[in-house]
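Reading through the C-alpha cells given below for one structure.
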Amino acid sequence: MKHTVTTFKQAKERGEKLTMLTAYDYTTAKLIEESGIHSILVGDSLGMVCLGYENTLSVTMEDMIHHTKAVSRGAKNTLVIADMPFMSYQTGWYDAVVNAGRLVKEGGAHAVKLEGGKEVCPQIEAIVKASIPVCAHIGLTPQSVNAFGGFKVQGKGEEAAKKLLEEAKAVEQAGAFAVVLECVPAKLAALISEKISIPTIGIGAGAGCDGQVLVYQDMLAMYADMAPKFVKVFANVGEEMKKGFAAYKKEVQEGTFPAEEHTFKIEESILEKLY
Ligand code: KIV
C-alpha cells in the first residue's frame with residue numbers, strides 16, 4: 001500500500017495512530033519502508049546524527065536535496081517529507097516556495113516540513129498554493145535553539161500553553177496537513193490533538209498525539225552525543241554494530257577472515273606463468 005497525505009487524513013478520522021521515522025539514506029529508507037512505517041522524515045537532524053554538527057543550523061539546501069534523493073530512491077511507497085533547512089524559508093514566502101519546490105523536484109520528496117507557528121503561516125499558505133503539502137512543526141523547534149537558549153520543553157506556563165494551542169490552530173488554518181509537536185507537556189499535546197482536525201505527530205509530547213516520530217539513530221541507540229528523555233531504545237543496534245566491527249578487526253588480524261568461501265579462484269596453470 002502506498003502512503004500519502006491521504007493516509008494521514010484517514011488515520012486522524014479513524015483514530016488510527018501514525019508512525020514516522022527519520023532516514024537520510026537509501027538503505028535505511030528501504031528497511032523502514034519494509035517495516036511498514038507510514039512516513040519517513042528526512043530531518044535536518046541530519047546535521048547532527050549524520051554530519052556531526054552541534055545543532056541543525058549549518059544544514060544547507062544542497063545537503064537536504066542530496067539525502068532526500070537517496071531516501072526517495074529507497075522508499076517508493078512511503079510518504080517522504082523533507083525538512084526545509086534553516087534560512088531556506090524564514091526570509092519570506094517566495095524563497096519558501098522556491099526551496100520547497102527544489103526538495104520535491106530535485107529531491108523527490110512528497111511533502112516538506114518547516115518550523116514555526118504564526119510567523120511562518122504566509123510561507124505555509126504559499127507552499128500549499130503551489131500544490132506542495134506542508135507539515136508544520138511547533139513546540140521545541142531546533143532551528144530556534146539560540147533564541148530559546150537551549151533545547152527546552154515548551155508550553156509549560158499558562159501563556160506559553162495558550163500560545164502553543166493558537167500556533168497549532170494557525171498552522172492548521174494556513175493549510176498544513178499535519179503538525180509535529182516537539183517537547184510539549186503530554187496533557188497539552190493531547191488537548192491540542194483534540195482541538196485540531198489535522199494529525200499531530202509527537203516527539204517528546206506523549207501518547208495523546210495522533211502519531212509519533214523518532215530519529216532512528218536515537219531509537220536504535222546509535223547516537224550517544226545527546227540522550228533526550230523522550231527516547232526509548234527499541235533495539236540496541238549501536239552495541240551490535242560495535243560488536244560486529246570489533247569481530248571483523250579481530251578476524252582480520254588473526255587471519256581468519258577472509259576464509260576460503262569469501263575468495264575467488266584462478267587456474268594454477270595461469271598463475272604458474274606469472275612466476
Ligand atoms: O529534524 C528532525 O529529525 C525533526 C524531528 C525531530 C521531528 O525535525
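The values are calculated or read from the model by the stated rules, or taken from the named source; none is laboratory data. All of these numbers come straight from a predicted model, not from anything done at the bench. In this analysis, Cβ positions are derived from the backbone assuming ideal geometry, glycine residues included, and neighbour counts consider all displayed protein chains. These accessible areas exclude ligands, DNA and RNA; they are computed on the full protein's heavy atoms, side chains included. Shrake-Rupley method; radii C 1.70, N 1.55, O 1.52, S 1.80 Å.
Computed quantities for the displayed model
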quantity	calculated
Virtual spin-label span in nm between Thr6 and Asp25, 7 Å along Cα→Cβ	3.4
Amide N proximity, region 54-89 versus Phe151 label position 7 Å along Cα-to-Cβ, cut-off under 14 Å	54-57
Shape call, the chain: gyration tensor on alpha carbons, a/c limit 1.5	prolate
Difference of contour (0.36 nm per residue) and Cα-Cα distance, Glu166 to Met241	22.6 nm
Angle in degrees between helix 5-14 and the longest Cα principal axis of the chain, rounded to the nearest 10	60
Extension gain (nm, one decimal) between Glu13 and Arg73, 0.36 nm per residue minus Cα-Cα	18.6 nm
Percent of beta bridges antiparallel (DSSP, the chain, rounded to nearest 5)	5
Ellipticity estimate at 222 nm from DSSP helix runs (n ≥ 4, -39,500 (n - 2.57)) divided over the chain, nearest 500	-12500 deg cm²/dmol
Protein accessible area in the chain, 1.4 Å probe - carbon and sulfur %	57
Dipole of the chain, positive direction: furthest Cα of Ala190, Phe245, Thr4, with charges on the beta-carbon	Ala190
Amide H contacts under 5 Å for Val42, placed H, 5+ residues apart	Ala23, Ile81, Ala82, Asp83
With DNA, RNA and ligands ignored, accessible area of Asp25 (1.4 Å probe; Å², nearest 10)	50
Cross-link reach list, aspartates and glutamates versus Lys242, counting only Cα pairs under 17 Å and skipping chain neighbours closer than eight places	Asp218, Asp225, Glu251
Probe 1.4 Å - accessible area at Ser131, Å² to nearest ten	100
Trypsin sites (Lys or Arg not before Pro) restricted to DSSP loop in region 197-245 with at most 12 other C-beta within 10 Å	Lys229, Lys232
Eligible aspartates and glutamates near Lys156 by straight Cα distance, threshold 20 Å, same-chain separation 8 or greater	Glu115, Glu166, Glu167, Glu182, Glu194
Accessible surface, region 187-275, averaged per residue in Å² (probe 1.4 Å)	72
Under 28 Å from the Cα of Lys2 - lysines, other chains or at least 8 residues apart	Lys12, Lys17, Lys30, Lys69, Lys76, Lys105, Lys113, Lys129, Lys232
